[in-house]
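Chemist: Once you've had a glance at the structure underneath, I'll fire off some questions.
The values are calculated or read from the model by the stated rules, or taken from the named source; none is laboratory data. No experiment lies behind these values; they were computed from the predicted model shown. Neighbour counts are summed over all protein chains in view; Cβ atoms, including those assigned to glycine, are modelled from backbone coordinates with ideal geometry.
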């Protein structure tokens, strides 16, 4: 018994030293962890947005009925109303930042805006670059063409022909669909879908692959052009809100607010207003 106590006394200073080293190391690790956590929180997008007092939304302004300009040059549409609802929920001012569709994701990555709400389909390739909340609408790539031509487009061969020219927004799922499904046809990359509609009517291009709401809107709005679409869309696509990839708190908040708009029926009312060709048509130029 005496020898054990003696050995313990002899080793005790070493034990104390070991404990002190472990404690010091643990404190340093905890300090580093806390410092890293604080640093991560300081760079969280949500904190910067709240501090700025504004929610910057990237949008084309040329994709009716989801986003477009009325006679007064004011931006209106489902995407705009959704952005306003999110800004109000966050108690922020909505700032719409116009950009060509092909530049929206790069603009988001560069910090030019805080989110993108612009009829953007959630795809694996896009989701590998940025985060998405939603979907807030299920759409599909559809063909807008002349009525007489639509009657002849009954087979894959008739669509995938060197005689045909199909247009789509550059960087869109419409472009990807044309290049993959109709490689023999001529692809025409555009930045303005509205301008392409006139091209269809004048025979400059055979058709435009765009989201179904846009195609339906153009057919209703321009009866004199005798436009038409096929019996069903080429695809079924979820439209979402693109968000910065390094912002889990912001992504979580946006998805929660989007869920609330869905559960309360407010989002359904927005869709009914903008997708059923209602009173807002009189506001268009």
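Chemist: Counting just the residues of the range 241-267 that are in a loop (DSSP other than H, G, I, E, B) and touching a residue at least 40 places away in the same chain (Cβ under 8 Å), which one comes out surrounded by the most Cβ atoms within 10 Å (Cβ to Cβ)?
Modeler: Among those residues, the one meeting the criterion is 247.
Chemist: Examine the range 269-276 for a residue that is surrounded by fewer than 14 Cβ atoms within 10 Å (Cβ to Cβ), in a helix (DSSP H, G or I) and within 25 Å of the chain's Cα centre (by Cα), and state whether such a residue exists.
Modeler: Yes, there is a match, as at least one residue in the range 269-276 is surrounded by fewer than 14 Cβ atoms within 10 Å (Cβ to Cβ), in a helix (DSSP H, G or I) and within 25 Å of the chain's Cα centre (by Cα).
Chemist: Would you point out the residue of the range 48-91, among those that are touching a residue at least 60 places away in the same chain (Cβ under 8 Å) and part of a helix (DSSP H, G or I), that is nearest to residue 217 (Cα to Cα)?
Modeler: 78
Chemist: Out of 229, 235, I need the residue that is under 19 Å from residue 132 (Cβ atoms), touching a strand residue (DSSP E or B) at 6+ places or on another chain (Cβ under 6 Å) and touching a residue at least 40 places away in the same chain (Cβ under 8 Å). Which one?
Modeler: 235 is the lone residue from the list that is under 19 Å from residue 132 (Cβ atoms), touching a strand residue (DSSP E or B) at 6+ places or on another chain (Cβ under 6 Å) and touching a residue at least 40 places away in the same chain (Cβ under 8 Å).
Chemist: Scanning for something assigned to a strand (DSSP E or B) and either farther than 24 Å from residue 250 by Cβ or at pLDDT 95 or above (or both), does the range 98-113 turn up at least one residue?
Modeler: yes
Chemist: Suppose we filter 215, 220, 197 for residues that are in contact with a helix residue (DSSP H, G or I) (Cβ under 9 Å, 6 or more places away or on another chain) and buried (at least 16 other Cβ atoms within 10 Å of the Cβ); which single one remains?
Modeler: Sole residue among the options that is in contact with a helix residue (DSSP H, G or I) (Cβ under 9 Å, 6 or more places away or on another chain) and buried (at least 16 other Cβ atoms within 10 Å of the Cβ): 197.
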